[in-house]
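For reference, the structure discussed in these notes is given below.
The values are calculated or read from the model by the stated rules, or taken from the named source; none is laboratory data. Just so it is clear, the structure is predicted and the values come from calculations on it, not from any experiment. Cβ sites come from the backbone with ideal geometry, for glycine too, and all protein chains shown count toward neighbours. We work out accessible area using only protein heavy atoms, side chains counted, and drop any ligands, DNA or RNA first. Shrake-Rupley method; radii C 1.70, N 1.55, O 1.52, S 1.80 Å.
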Amino acid sequence: MFNTVSKSLIRETRRSKIARKFVCNLVDRSFHRSSKTCVELTSVRYPDLKRGNYATVTDKDVALFERILPGAARVITDPSELEGANTDWIKNCRGASQLLLKPKTTEDVSAILKVCHERNLAVVPQGGNTGLVGGSVPVFDEVIISTQQMNQITSFDSLSGILVCQAGCILGNLDNYVSEHNYTMPLDLGAKGSCHIGGNLATNAGGVRLLRYGSLHGSVLGLEAVLANGEVLDCLSSLRKDNTGYDVKQIFIGSEGTLGIITKAAILCPQKPEAVNLAFLGVESFSKVLEVFRATKRSLAEILSAYEFMDTETMKVATDNLKLNNPVSDHPYYILIETSGSNSSHDEEKLNQFLETMMESGLVLDGTVAAEKTKIDYIWSIRERIAEGLLHDGYCYKYDVSLPLENFYDLVTDMRTRVGDKATRVVGYGHVGDGNLHLNVTSPQYDTDVMNLIEPFIYDWVSQYKGSISAEHGLGFKKRQFIYHSKSRSAVKVMKNMKTIFDPKGILNPYKTLPDE
Ligand code: FAD
Ligand code: 2HG
Ligand code: ZN
């Protein structure tokens with residue numbers, strides 16, 4: 001194995017983004033088509049939760065919205081059409097909204113929110129509905145405001161790389177667009193074929209490129225949002241440097257639709273790398289995953305663009321549930337390393353030299369570098385389709401935590417011991433290079449016994465090591481009551497005060513992000 005692999009390490013390749021996106025788009029579409037199972041209503045699963053004192057939608061309201069949004073398919077009341085928008089991607093949450101609105105412009109959003117504010121109608125902003133914490137769907141009968149038709153690019157400056165666009169642009173489409181100008185989007189995630197840039201901002205999405213380009217708090221130069229009362233907040237600056245007072249836009253990044261509806265954004269796009277290379281490696285222990293990471297940072301330095309890991313249980317999700325092939329032989333842990341640079345022969349040489357050293361030292365037991373486009377796309381699809389593959393087991397209890405690297409994997413082993421054979425599987429994978437673990441437990445259907453074994457145990461565990469109970473997916477509906485495990489009382493008090501300033505009637509995405517007292 002060593003010799004064969006060694007030879008393959010000499011080979012290099014460029015990663016084909018187009019083919020990779022094609023795979024992801026297929027994944028998204030086929031998944032939605034094949035999942036017609038009826039999900040329990042959130043209001044039934046959580047009987048203690050009381051609907052807020054909001055108005056209910058009347059025929060008169062619908063007629064008014066039809067005047068605000070003239071044209072076909074912009075005011076949806078047909079229950080079968082509403083089904084998809086009422087249910088989240090992971091099939092954990094289902095609301096009972098009777099109205100879905102599809103604005104095209106900031107003015108449309110403003111007019112809608114003015115009415116909702118006056119009438120005291122609760123709303124839920126929705127982008128691509130790929131959120132994983134129940135934030136994008138109604139809990140009761142909130143009006144769904146979708147950014148699906150807000151998909152226009154306003155401008156792109158090919159010198160500075162600054163893109164200005166509407167919130168409903170699909171991330172993958174934006175990446176295709178800027179790549180024609182030799183730029184790339186500063187974030188990349190498995191849901192890129194469906195998620196909207198507004199949803200990415202609202203969740204402060206991380207993804208596989210955060211290691212290289214940092215969080216959206218750094219890449220977003222400006223944004224426009226509509227506040228609860230319909231007022232348009234213009235923070236759409238395109239300047240790299242602007243220290244005039246408080247940076248108000250930042251508060252909307254990660255606010256999960258609770259402070260306003262993001263309508264436009266100005267994003268700083270990095271130069272598209274000329275050379276992209278991928279290595280997929282097998283190692284014998286989690287401590288080796290960390291040792292290889294230390295060596296990777298030192299040796300690959302400025303060209304390192306992704307460092308992901310998965311355990312052997314995760315690989316089984318790919319092989320058993322998705323029928324994908326493991327590109328290397330079976331090992332307890334796998335590492336995916338991506339490099340992106342401007343000089344392919346230099347990057348190639350660096351990566352090959354590094355991998356040979358790793359294998360000679362025995363840190364890495366087996367590995368492959370993708371030698372051609374389709375192989376690179378295939379390997380990325382193994383990593384990016386895990387979320388989809390887990391759903392084949394039935395119900396998925398999804399956790400996304402930040403932990404110090406020295407305690408990182410212990411949570412997975414402790415969880416396995418705790419749930420025992422009550423769960424179908426417990427898997428650990430994720431953005432280890434960012435200290436972000438995706439821990440998932442599955443069972444054939446939602447099971448309160450399994451749930452009670454996991455929560456609050458997992459949140460107490462993470463809190464004990466001073467981690468975060470949500471590294472990148474947000475709190476949404478499902479995690480908001482545990483916010484105190486990661487944030488102080490004083491911080492949550494300030495958040496609540498801010499919510500009151502931006503949305504005094506509490507109509508924007510109620511039951512999300514902030515805890516009930
Ligand atoms: P939605 O799901 O529609 O909404 C998410 C939240 O944002 C909701 O609270 C909603 O109310 C709010 N919102 C949406 N649009 C707006 C708006 N215009 N203004 C104000 N609020 C708004 N996340 C990561 O961080 N990293 C990953 O690597 C990652 N990978 C994923 C892979 C898959 C296969 C899937 C299904 C999801 C993944 N996610 C990941 C989770 C998810 O957060 C992201 O997909 C994405 O950021 C959500 O965008 P969306 O347009 O689908 O938003
Ligand atoms: C990913 O990194 C996403 O693939 C989803 O954040 C993680 O499903 C998950 O647990
Ligand atoms: Zn992730």
* Is it true that Gly206 is near ligand 1 (Cβ under 8 Å from one of its atoms) and over 26 Å from Pro70 (Cα atoms)? -> yes
* Asked: Is it true that some residue in segment 420-437 is assigned to a helix (DSSP H, G or I), of a type outside the set (S, T, N, Q) and free of Cβ contacts under 8 Å to residues at least 24 places away in the same chain?
  -> yes
* Quick one: in segment 186-223, of everything that is under 21 Å from Ser158 (Cα atoms) and away from ligand 3 (no atom under 16 Å from the Cβ), which residue is surrounded by the most Cβ atoms within 10 Å (Cβ to Cβ)? => Ile197
* Which condition number in (1) more than 13 Å from ligand 1 (Cβ to nearest atom); (2) under 16 Å from Asp460 (Cα atoms) is the one that Tyr395 fails? -> (2)
* With segment 145-216 as the region, which helices (runs of 4 or more DSSP H) entirely inside it contain at least 3 residues that are more than 12 Å from the chain's Cα centre (by Cα) and at pLDDT below 95? -> none
* **Answer from Gly394, Gly420, Gly428 - the residue that is away from ligand 3 (no atom under 12 Å from the Cβ), at pLDDT 95 or above and crowded, with 23+ Cβ neighbours inside 10 Å** => Gly428
* Residue in segment 463-471 that is within 12 Å of ligand 1 (Cβ to nearest atom), under 19 Å from the mean Cα position of the chain (by Cα) and under 18 Å from Gly52 (Cβ atoms) present -> no
* Residue within segment 349-358 that is of a type in the set (Phe, Trp, Tyr) and open to solvent by less than 20 Å² (accessible area, probe 1.4 Å) present -> yes
* Asked: So which of Val115, Val137 is buried (at least 22 other Cβ atoms within 10 Å of the Cβ) and outside the structural domain of His473 (by TED's automatic domain parsing)?
  -> Val137
* Consider Asp449 carefully, then state whether it is of a type in the set (Asp, Glu) and modelled with pLDDT of 95 or more. => yes
* Test for Lys91: is it part of a helix (DSSP H, G or I), surrounded by fewer than 19 Cβ atoms within 10 Å (Cβ to Cβ) and in contact (Cβ under 8 Å) with a residue 60 or more places away in the chain -> no
* Among the residues listed as Thr244, Thr147, the single one being open to solvent by 10 Å² or more (accessible area, probe 1.4 Å), free of Cβ contacts under 8 Å to residues at least 24 places away in the same chain and out of contact with any Cys (no Cβ under 6 Å at 6 or more places or on another chain) -> Thr244
